[in-house]
Amino acid sequence: MSKEIVIVGAGVAGINAATKLVDNNYKGRITIIDMGKDPHKRLPSEVMTGMLGAGGWSDGKLTYHTAIGGQLSKYCGEDKAMELMDQVITNFKRFHPKPEEVQCSNPVAEPDFIKPEFGLRLFPVWHVGTDYLLEIAKNWYSYLVDNGVKFEWETKVVNIDFDTNHYEYIEVGGDDTDTLIGQYDELIFAVGKSGIDFGKSLADQYDLPTEPKSVQIGVRFEAPQYHFQKLIDVSYDFKLYRKFDDKGVSLRSFCTNNNAAYVAVEETYGNYSYNGHAKKDEKYRNDMTNFGIIMEVKGIEDPFTWSRDLVKMLQVGNKGLYYSPSRVPSLTSEGGFVEATQINDYVLGEVREAFGGYFSYIDEFIAGMKEIFPTLKDDWGMYIPEVKYLSPEPLVDYTNLALTKYPNVHFVGDALSARGITVSGAQGIYVAEDILKHQ
């Protein structure tokens, strides 16, 4: 008898898992529960929850390398990891209104002019196009609904009993706040960033063995594109990096957007942080570039709580911060200013203090960019903070990403420290393949 599968989270990991099951005629019931809205009702500003999650709603760049975006090959090997990522890319193409426009960039040579200030990570990236993500989400959603997948939108899972296979949930924003109870045979825990604290609470509640992770926090940097064009011509989604191994600190640029590039607000746990996206339509062109400067810090006890506490300190007027020597916050793709409180040098000093000395590495990163991009000077700004919440990673069975203590509960995506669209989707497919073997 086929089992009832419940997927918590309608992000890229959960949706790819459901698609793999449907494509292979899974006979059991599949239910997907998400705090957000379906793609027909979801607003552009509702970045964190809903169909295809955050990355599949506002980004659309699919990294194509196992060294980027979190763990995958350690679970299944290099060849299988690449095969799984191919399936994710194929899914985005099959639901794309213009699949011929999905293009891959593959830089091969590291330019000398960035040395010795930076190294450059080069790897292939598939560009889906932010403009098409809404249509992809609608097409993908229709396919799953037409094939019997049940969606519970604007619904929040508040507790899971791994021992009895029950979960408790409430309707988000409704007048009726009664807690309801559901049951599963197999659970795929595919929460995104906004559910990481829930995953951590479950790990604590059930004393799950975990692998500690590092802090990942920094800023979203923005400047006119022409300053970076020499590097963009080599690698559109460039990844500059610096390492300070003796300090347990490394920095990298992350998620570069060009041409029609916009900074986006992410509201998580009631606090603002920042990310970015790019449009394809020429009418949105603003000739700007933005990217994260993400700092990875090892050795901090309880990095999730440390990051959460720091983000809380980096809010003024219930907004994140913007600092620039010469500029003001830019416009969003909807035409309003990016929501941020602009700060002066004095407040920036308080930001440096809040980082406990680690902000000096970001200062040095920016100083290095001014060396290799000499026109940059003071023509830039940064939105503070950009953060990748990583709670301790639960130990899982490598064959199916199931918890070692609960073989019918599978952690995927952000819940398993994935940090990218392709890796998250691949993890979901990997779990679905194992379920299909044993149905």
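The values are calculated or read from the model by the stated rules, or taken from the named source; none is laboratory data. These numbers come from a predicted model, not from an experiment. Here Cβ is always computed from backbone atoms with ideal geometry, including for glycine, and neighbour counts include all displayed protein chains. Note: accessible area is taken over every heavy atom of the protein model, side chains too, but ligands, DNA and RNA are not part of it. Shrake-Rupley method; radii C 1.70, N 1.55, O 1.52, S 1.80 Å.
Rolling a 1.4 Å probe over the heavy atoms of the protein chains gives segment 185-236 an accessible area of 34 Å² per residue. Taken over segment 296-439, the alpha-carbon convex hull comes to 180 cubic angstrom per residue.
With a Cα cut-off of under 24 Å and a minimum spacing of 8 residues unless on different chains, the lysine pairs in segment 39-176 number 17. Once the chain from Ser2 to Leu180 is taken as fully extended at 0.36 nm per residue, the excess over their C-alpha distance is 61.7 nm.
Take peptides 186-193, 16-23 and line them up by average Cβ neighbours within 10 Å, highest first, as a rough protection proxy. Each step should come with its number before you reach the end.
On the way: 186-193: 27.9, 16-23: 24.2.
Descending packing order for the listed peptides: 186-193, 16-23.
Both radii are taken from the alpha-carbon atoms of segment 124-188; with Rh as the Kirkwood radius, Rg/Rh is 1.11. Leaving out ligands, DNA and RNA, and with a 1.4 Å probe, what % of the accessible surface on the chain is carbon or sulfur? That fraction is 47 percent. Across every pair of non-identical alpha carbons in segment 179-295, the mean reciprocal distance, once inverted, gives a Kirkwood radius of 17.4 Å. Over the chain, all Cα pairs binned in 10 Å intervals from 0 give whole-percent P(r) values of 4, 22, 33, 26, 12, 3, 0, listed from short to long. Remark on segment 1-70: Rg and Dmax equal 13.8, 42 Å (Cα only). Put a dot 7 Å past the Cα of Tyr346, heading toward its Cβ, do the same for Asn24, and the two dots end up 6.3 nm apart. The label-point distance for Asp86 and Asp207, in a model that sets each label 7 Å from Cα toward Cβ, rounds to 4.5 nm. Taking amide H atoms as placed 1.01 Å from N in the peptide plane, the amide H of Tyr274 lies under 5 Å from those of Glu266, Glu386, Val387, each 5 or more residues away in sequence or on another chain. Take the Cα of Asp112, go 7 Å toward its beta carbon, and the backbone nitrogen atoms of segment 234-274 under 19 Å from that spot belong to 234-235. Once the chain from Glu371 to Glu100 is taken as fully extended at 0.36 nm per residue, the excess over their C-alpha distance is 93.7 nm. How are the alpha carbon pair distances in segment 143-229 distributed across 5 Å bins from zero to the largest one, expressed in percent? In whole percents, the pair-distance histogram is 3, 9, 14, 19, 15, 11, 9, 8, 6, 4, 3, 0. Accessible surface for segment 64-170, divided over its residues, is 46 Å² per residue with a 1.4 Å probe.
Summed over the residues of segment 293-439 and divided among them, the accessible surface reaches 40 Å² per residue at a probe radius of 1.4 Å.
Mean residue ellipticity at 222 nm, helices only, the chain: -8000 deg cm²/dmol; runs of at least 4 DSSP H residues each add -39,500 (n - 2.57), and the sum is divided by the number of residues. Which residues in segment 420-439 have a backbone N closer than 20 Å to a point placed 7 Å from the Cα of Lys74 along the Cα-to-Cβ line? Label zone hits: 420-431. Stokes-Einstein D for segment 270-381 at 10 °C, 1.306 mPa s, Kirkwood Rh over Cα pairs, in µm²/s? The diffusion coefficient I find is 99 µm²/s.
For the pair segment 49-90 and segment 382-439, the centres of their Cα atoms are 11 angstrom apart. If you wrap segment 42-183 in the convex hull of its Cα atoms and look at it from every side, the mean projected area works out to 13.2 nm². Rounded to the nearest whole angstrom, the semi-axes of the ellipsoid equivalent to segment 330-373, taken from the Cα gyration tensor as √(5λ), stand at 24, 18, 9, largest first.
Ordering 26-34, 113-121 by mean Cβ neighbour count within 10 Å, with the highest value first, yields 26-34, 113-121. Once Rh for segment 198-252 is found with the Kirkwood sum over Cα pairs, what is the Stokes-Einstein diffusion coefficient at 25 °C and 0.890 mPa s, in µm²/s? The calculation lands on 161 µm²/s.
The relative contact order of the chain comes to 24 percent, based on Cα pairs under 8 Å that sit 6 or more residues apart.
Between Gln229 and Lys312, how high is the FRET efficiency from 1/(1 + (r/R0)^6) when r is the Cβ-Cβ distance and R₀ = 60 Å? Nearest 0.05. According to the calculation, E is roughly 0.95.
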